[in-house]
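To start, the structure under review is shown below, and the notes come after it.
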Amino acid sequence: MTSAPGLTRNMLTTSVTICQPGTSNCATIDNVQVDTGSQGLRILASALPASLPLAPLTSGTGVAAECAVFGGGYT
């Protein structure tokens, strides 16, 4: 039996390709956990290569934020 990163067994993972908007500067991030009970895509900045700078989402006055249930807690 094999295990996913972090020794999590039976966790579906995939690879996603993320691109800097308006460019062909892209990176493929491997071993992203698929969670059908969550919404959106959350990638830690530390998972992105330095060559792929992504601007934070803003609401005009600051960084946009959302509180949602994620895993065993909130994010």
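Here are the numbers for this structure:
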| item | result |
| --- | --- |
| Cα-projected label distance for Leu12 with Ile43, points at 7 Å along beta-carbon direction, nm | 2.0 nm |
| Distant-in-sequence amide H partners of Met11 (H built 1.01 Å from N, under 5 Å) | Ala4 |
| For Asn25, distant residues with modelled amide H under 5 Å away | Gln20 |
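Here, each number is a calculation from the coordinates, and none is a lab measurement. The shown structure was predicted, so the numbers you read here are calculated from the model rather than taken from an experiment. Note: ideal-geometry Cβ built from the backbone for every residue, glycine included; neighbour counts use all protein chains shown.
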